[in-house]
Amino acid sequence: MADWLFEPGHTAAEFAVRHMMVTYVRGHFKNIHGTLTFDANQPRASRVEVRIDAGSIWTGAPERDAHLRSADFLDVEHHPEITFAGDRVEVVGENDYLVTGDLTIRGVRRESTLKVRYLGQWQTPWWEDGVDKGPKTRSGFLATTTIDRHDFGVSWNSALDNGGIVVGNFVDITLDAEAIMTRPALQRS
């Protein structure tokens, strides 16, 4: 099994949630860090740990972003990180897996399953200070899940006429991850 590091500049988490019963609000987090143990030939032995800076939430509307950081939603003052740690992997296709682990939002930990697609591995350049210090081995992954935000204590809402609500209960999450190999399988001790 090789060891990998998620490259924060090329890893992002996006979300979509219903707004006013008629559309979706979308946003993302960019300050994501984490590690992965993975080998495409033995994916069942994989494990992943991810940390997201909850305060980096961005929807394009500063007032809404401030509200999402507040105690009404993510309460980033008291819970600055969103985390996922998973090590139960089910292979469901040639490059498709279900990865189950613990998702923690707002200090509440719940079991969650990500649908993960492995996008492949490439040798790539690695630029530092204008100099190519590569090559580096990179792998890509696309993961999705849907959560009920109330399961994590993210329950602020306001009622609309005829039984509607301002914020939907379910949040669709998509993670685009680019991982850089830090230790090949053969070099692990």
Residue 97 touching a residue at least 24 places away in the same chain (Cβ under 8 Å), out of contact with any Pro (no Cβ under 6 Å at 6 or more places or on another chain) and in a strand (DSSP E or B)
no
Selection count where residues are farther than 20 Å from residue 122 by Cα and surrounded by fewer than 17 Cβ atoms within 10 Å (Cβ to Cβ), scope the range 32-48:
4
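Can you tell me which residue is modelled with the lowest pLDDT among those in the range 17-49 that are over 17 Å from residue 119 (Cβ atoms) and β-branched (Val, Ile, Thr)?
Taking the range 17-49 first, the residues over 17 Å from residue 119 (Cβ atoms) are 17-31, 33, 35, 37, 42, 44-45, 47, 49.
Adding the requirement that they be β-branched (Val, Ile, Thr) leaves 17, 22-23, 25, 35, 37.
Numbers: 17: 96, 22: 88, 23: 93, 25: 95, 35: 97, 37: 97.
So the residue we want is 22.
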Just one listed residue, out of 106, 149, 183, is closer than 30 Å to residue 89 by Cα and touching a helix residue (DSSP H, G or I) at 6+ places or on another chain (Cβ under 6 Å), and it is 106
Tally time: how many residues in the range 131-158 are at pLDDT 90 or above and either over 27 Å from the mean Cα position of the chain (by Cα) or on the phi > 0 side of the Ramachandran plot (or both)?
2
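Just to check your reading of the model, which residue among 76, 89 is closer than 20 Å to residue 4 by Cβ and in contact with a strand residue (DSSP E or B) (Cβ under 9 Å, 6 or more places away or on another chain)? Steps first, answer last, please.
Numbers: 76 fails: closer than 20 Å to residue 4 by Cβ.
After ruling out the rest, the residue left standing is 89.
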(1) over 13 Å from the mean Cα position of the chain (by Cα); (2) within 18 Å of residue 68 (Cα to Cα); (3) surrounded by fewer than 17 Cβ atoms within 10 Å (Cβ to Cβ); (4) at pLDDT 95 or above all hold for residue 14 apart from (1)
Does the range 110-123 hold any residues that are loosely packed, with under 14 Cβ neighbours inside 10 Å and over 18 Å from the mean Cα position of the chain (by Cα), and which are they?
120, 122, 123
Take the range 118-163 and flag every residue that is charged (D, E, K, R), without any contact (Cβ under 8 Å) to a residue 24 or more places away in the chain and outside any strand (DSSP E or B).
129, 133, 161
Output the strands (runs of 3 or more DSSP E) that fall wholly within the range 4-53 and possess 1 or more residues being under 21 Å from residue 97 (Cβ atoms) and among the small types (Gly, Ala, Ser), or say none.
12-19, 32-38
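Conditions (1) modelled with pLDDT of 95 or more; (2) among the polar types (S, T, N, Q), marked per residue:
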| residue | (1), (2) |
| --- | --- |
| 59 | yes, yes |
| 98 | yes, no |
| 111 | yes, no |
| 122 | no, no |
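Among the residues of the range 174-189, is there at least one that is exposed (fewer than 12 other Cβ atoms within 10 Å of the Cβ), touching a residue at least 60 places away in the same chain (Cβ under 8 Å) and either on the phi > 0 side of the Ramachandran plot or not acidic (Asp, Glu) (or both)?
Within the range 174-189, the first condition is being exposed (fewer than 12 other Cβ atoms within 10 Å of the Cβ), and the residues that meet it are 186-189.
Still in the running and touching a residue at least 60 places away in the same chain (Cβ under 8 Å): 188.
Subsequent filtering for residues that are either on the phi > 0 side of the Ramachandran plot or not acidic (Asp, Glu) (or both) retains 188.
Yes, the conditions are met somewhere in the range 174-189.
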Go through (1) closer than 24 Å to residue 31 by Cα; (2) more than 16 Å from the chain's Cα centre (by Cα); (3) not aliphatic (A, V, I, L, M) and name the single condition residue 178 misses.
(2)
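The values are calculated or read from the model by the stated rules, or taken from the named source; none is laboratory data. What you see is a predicted model; the values in this text were computed from it and never measured. Reconstructed Cβ throughout: ideal geometry from the backbone, glycine too, with neighbour counts over all protein chains shown.
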